[in-house]
Amino acid sequence: MGVRTAAPDASFVNETDSELLRRCRGGDDEAWTELVRRHTRKVFSIAYRFCGRVEEAEDLTQEIFVKVYQRLDRYQSADGAFGAWLSAVSRNHAIDHYRRGREERLHQIDAPLDLERLATSGAGQQKRLERQERVDFVRRGIRALPRDLREPLILCDLQGLSYDEIAQQLSVPLGTVKSRINRARVELARRLRQRRDEFGGHA
Amino acid sequence: MTSDRECRTAEEHLSADLEGSLGPVPLEALAAHLARCRECAALRESLREVVDILHTLPVPEPAEGLAARAAAAALAARPRVQPRPENPSWLALAAGLALLASGLLVRGLPVGERLEARSRVAGQRLIEQVEQLVGDLEALRASAGAEASSRLDRLDGRLQELRRWRAEHEATPAPEARGSTPGNGECGQGSRTRGLRPA
């Protein structure tokens with residue numbers, strides 16, 4: 001079980017995910033490591049958009065890959081591309097993550113985001129900081145939402161799922177999904193507006 | 001003037017308006033309401049900004065070693081083939097022997113009588129073997145505990161039959177054979193130290 005850097009293994013460059021999967025099932029640890037390397041950013045991104053914290057998202061990413069490895073036999077090409085299946089497993093795990101009594105984390109005061117690790121827009125420093133402040137405010141607002149509003153909002157506006165997909169994922173009617181997403185957005189908009197009023201239009 | 005009800009209706013339509021999926025009639029009603037309600041108009045602008053922020057929330061790059069750690073964690077957590085515990089295999093062996101021996105002996109009482117008729121010494125050796133088996137089974141039963149108790153319970157009846165059979169054959173011992181019998185009394189007292197003692 002070798003530890004590999006983020007660089008791709010040259011011997012796997014031309015291998016498709018399907019080929020790597022076949023090797024994984026045959027016990028090839030190197031193929032598994034390459035498969036994880038290819039998809040780590042995607043899984044981390046899903047995890048981060050759910051929890052909003054780098055460290056927690058990295059822990060969640062590890063948990064997801066442990067789970068995926070144990071379920072590799074369940075994936076079939078008929079399920080679609082491996083990446084899409086992996087995303088679905090990741091989203092399910094992220095949702096479960098917060099349904100296992102970890103609500104208390106959501107209400108903790110966030111540490112400021114790790115700004116140096118965020119991509120910069122190239123805009124002026126002042127404008128960038130103001131924007132970042134609003135981003136942080138909205139992110140904290142998401143975490144303060146009740147779960148029934150937060151989950152569909154994240155799936156829609158952060159994960160990019162369609163209303164139909166969200167209804168299926170959460171097992172709630174389509175109309176309920178639309179209503180909850182709108183209520184979540186309105187709640188965040190109301191808070192942002194209130195903050196802007198309190199800070200004289202600069203927030 | 002606007003009513004709270006109109007404001008609530010307008011709020012319910014804000015996302016659909018933003019997404020362009022509002023029908024013409026409610027769209028016209030919403031536009032009319034927003035034209036005369038500054039609160040709802042301002043709320044719509046804030047909602048537009050919120051959705052813009054949500055759609056462009058930055059995601060930091062994962063740590064350099066995350067992929068390697070995640071891959072290693074999955075490999076470390078893979079289920080390993082568990083070695084079969086020793087006791088159950090010994091248990092199966094002993095239970096099989098017990099069943100075989102008890103079946104032969106119980107069904108073969110006439111054989112025992114013939115043995116007694118031929119040679120009481122040979123019969124006594126058989127008794128010693130049964131005694132050994134009983135002792136080992138009792139030790140095994142103690143070590144296996146509840147996990148195997150149901151299976152061993154089924155052997156109890158057979159063991160009782162063995163004990164009765166032994167008692168019957170010990171009731172009229174030949175003097176030359178009695179002298180060599182260890183632990184004349186409780187089953188297996190003199191022969192429990194071999195084989196299947198619990199750890």
- [ ] Answer yes if at least one residue in the stretch A:70-81 is of a type in the set (Phe, Trp, Tyr), crowded, with 19+ Cβ neighbours inside 10 Å and modelled with pLDDT of 80 or more, and no otherwise.
- [x] no
Task: B:Glu61 being open to solvent by 40 Å² or more (accessible area, probe 1.4 Å) and at the interface with chain A (Cβ under 7 Å from one of its Cβ atoms) - done: yes
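Residues of the stretch A:134-186 being among the charged types (D, E, K, R) and facing chain B (nearest Cβ under 9 Å), which ones? First the steps, then the outcome.
Start the filter on the stretch A:134-186 by keeping residues that are among the charged types (D, E, K, R), which leaves A:134, A:136, A:139-140, A:143, A:147-148, A:150-151, A:157, A:164-165, A:178, A:180, A:183, A:185.
If the condition is that a residue be among the charged types (D, E, K, R) and facing chain B (nearest Cβ under 9 Å), then A:Arg134, A:Arg139, A:Asp157, A:Lys178, A:Arg183, A:Arg185 are the ones that fit.
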- [ ] Out of the residues in the stretch A:22-50 that are open to solvent by 50 Å² or more (accessible area, probe 1.4 Å) and at the interface with chain B (Cβ under 7 Å from one of its Cβ atoms), state the one that is farthest from A:Leu155 (Cα to Cα).
- [x] A:Arg37
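I need the full set of residues from the stretch B:9-51 which are surrounded by fewer than 18 Cβ atoms within 10 Å (Cβ to Cβ), within 17 Å of A:Cys156 (Cβ to Cβ) and either facing another protein chain (nearest Cβ under 10 Å) or touching a helix residue (DSSP H, G or I) at 6+ places or on another chain (Cβ under 6 Å) (or both), in order please. So that I can check it myself, show each step before the final result.
Taking the stretch B:9-51 and keeping what is surrounded by fewer than 18 Cβ atoms within 10 Å (Cβ to Cβ), we get B:9, B:12, B:16, B:18-21, B:23-29, B:31-32, B:35-36, B:38-39, B:41-42, B:45, B:48-49.
Among the residues that remain, those that are also within 17 Å of A:Cys156 (Cβ to Cβ) are: B:12, B:16, B:18-21, B:48-49.
Once the filter is applied, which keeps residues that are surrounded by fewer than 18 Cβ atoms within 10 Å (Cβ to Cβ), within 17 Å of A:Cys156 (Cβ to Cβ) and either facing another protein chain (nearest Cβ under 10 Å) or touching a helix residue (DSSP H, G or I) at 6+ places or on another chain (Cβ under 6 Å) (or both), the stretch B:9-51 yields B:Glu12, B:Ala16, B:Leu18, B:Glu19, B:Ser21, B:Arg48, B:Glu49.
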- [ ] Kindly check whether there is at least one residue in the stretch A:115-125 that is part of a loop (DSSP other than H, G, I, E, B), at pLDDT below 90 and open to solvent by less than 20 Å² (accessible area, probe 1.4 Å).
- [x] yes
TODO: For residues that are at pLDDT 85 or above and out of contact with any Phe, Trp or Tyr (no Cβ under 9 Å at 6 or more places or on another chain), scanning just the stretch A:91-103, find the one that is least open to solvent (accessible area, probe 1.4 Å).
DONE: A:His93
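The values are calculated or read from the model by the stated rules, or taken from the named source; none is laboratory data. What you see is a predicted model; the values in this text were computed from it and never measured. Cβ coordinates were reconstructed from backbone atoms using ideal geometry, including for glycine residues, and neighbour counts include every protein chain displayed. Protein only, heavy atoms only, side chains kept; ligands, DNA and RNA dropped before computing areas. Shrake-Rupley method; radii C 1.70, N 1.55, O 1.52, S 1.80 Å.
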